[in-house]
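Before any comments, here is the structure.
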Ligand SMILES: NC(=O)c1ccc[n+]([C@@H]2O[C@H](COP(=O)([O-])OP(=O)(O)OC[C@H]3O[C@@H](n4cnc5c(N)ncnc54)[C@H](OP(=O)(O)O)[C@@H]3O)[C@@H](O)[C@H]2O)c1
């Protein structure tokens, strides 16, 4: 039997890299990994060409414009990549009967809640990046209602740029660091998310009715602040750096952040029978992965 093809965009990002590492464990699928240079997802001709050339069964969109602060001023590019491109990919998925897994963000919420957000809760992004990702969800679902959209949060990995790497670098250089203690969320080890995505792909390959379109939330378990996250990294790495809690008002950024972006993972756990590891347990594994 011919192997199903799986296209992954954004191969040089955190999630793209983790998917590439795990793909080796899925020999029944033919993976095509494309970075920005091979596939600009905002270029509709390039997207059409990759669909025509590969006739993929799956498209995993791990590419995005992720510079949250820069998006406030670089609006045109952020909108093209996060909103329009999601729509372009989704229309091609519909045309070629390709299953789409598109990645979105906790930043679609305004952060005024105090309970883990459900997929059905009202969205109201507070920064331009969040708005473009929310539009991407809308366009993906409009152009291909059979899409799976997974919202994730606070992603880190041994690949790419992220909070864990920044903290490790600064903690080596400085005797103390100030970190905000009034924004709460859940970190996500990109490898855990990659495993969940590929579980959906593999199990759908065994049993097509396993695929259930819709919006899902995925992060690691736990509700912490950036300060808690930084302290966890410091303790595990045994750095001597002092970590001081500060309010967001003392760390102004061009883009506003939601103060609460914890998401409920019940739906993805129940629908796809996946386990969601606790944040600290995954951080331990990721730090071991660095070495
Ligand atoms: N990182 C987080 O904390 C976080 C939080 C919530 C949700 N998410 C979502 O999770 C997904 C994966 O994020 P990530 O952390 O893996 O992101 P990442 O490390 O920033 O990787 C994104 C990749 O997309 C590529 N890209 C940008 N514009 C592109 C274009 N026009 N065409 C093709 N590729 C393009 C980038 O390549 P270049 O660098 O070469 O442009 C980069 O390799 C994204 O949908 C993101 O919005 C991330």
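A few points about this structure:
- Which numbered condition residue 29 misses (of (1) within 11 Å of the ligand (Cβ to nearest atom); (2) farther than 20 Å from residue 145 by Cα; (3) crowded, with 16+ Cβ neighbours inside 10 Å): (1)
- Residues that are over 17 Å from residue 179 (Cβ atoms) and outside any helix (DSSP H, G or I) within the stretch 261-291 comprise 262, 263, 264, 265, 273, 274, 275, 276, 277, 278, 291, listed in sequence order.
- Taking the criterion of being surrounded by 17 or more Cβ atoms within 10 Å (Cβ to Cβ) and out of contact with any helix residue (DSSP H, G or I) (no Cβ under 8 Å at 6 or more places or on another chain), the residues of the stretch 265-278 that qualify are 265, 267, 269.
- Verdict on residue 152 being away from the ligand (no atom under 16 Å from the Cβ), in contact with a helix residue (DSSP H, G or I) (Cβ under 9 Å, 6 or more places away or on another chain) and in contact (Cβ under 8 Å) with a residue 12 or more places away in the chain: no
Residues checked against (1) modelled with pLDDT of 95 or more; (2) under 20 Å from residue 277 (Cα atoms); (3) in contact with a helix residue (DSSP H, G or I) (Cβ under 8 Å, 6 or more places away or on another chain); (4) crowded, with 23+ Cβ neighbours inside 10 Å:
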| site | (1), (2), (3), (4) |
| --- | --- |
| 156 | yes, yes, yes, yes |
| 160 | no, no, yes, no |
| 167 | yes, no, yes, yes |
| 171 | yes, no, yes, no |
| 179 | yes, no, yes, no |
| 184 | yes, yes, no, no |
| 193 | yes, yes, yes, yes |
| 205 | no, no, no, no |
| 216 | yes, yes, yes, yes |
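- Per this entry, residue 85 is counted among residues that are farther than 21 Å from residue 188 by Cα, crowded, with 17+ Cβ neighbours inside 10 Å and near the ligand (Cβ under 8 Å from one of its atoms).
- Within the stretch 116-139, the residues that satisfy the criterion of being more than 11 Å from the ligand (Cβ to nearest atom) and either at pLDDT below 95 or closer than 17 Å to residue 93 by Cβ (or both) are 138, 139.
- Close Cβ contacts (under 6 Å, 6 or more residues apart or on different chains) running from residues in the stretch 56-81 that are under 26 Å from residue 198 (Cα atoms) to residues that are in a loop (DSSP other than H, G, I, E, B) comprise 56/98; 59/98; 62/10; 62/13; 63/10; 63/41; 81/42; 81/65.
- Residue in the stretch 204-215 that is out of contact with any strand residue (DSSP E or B) (no Cβ under 9 Å at 6 or more places or on another chain) and within 24 Å of residue 289 (Cα to Cα) present: no
The values are calculated or read from the model by the stated rules, or taken from the named source; none is laboratory data. Everything numeric in this text was worked out from a predicted model, so none of it was measured. Quick reminder, even Gly has a Cβ in these numbers, built from the backbone with ideal geometry, and neighbours come from all protein chains shown.
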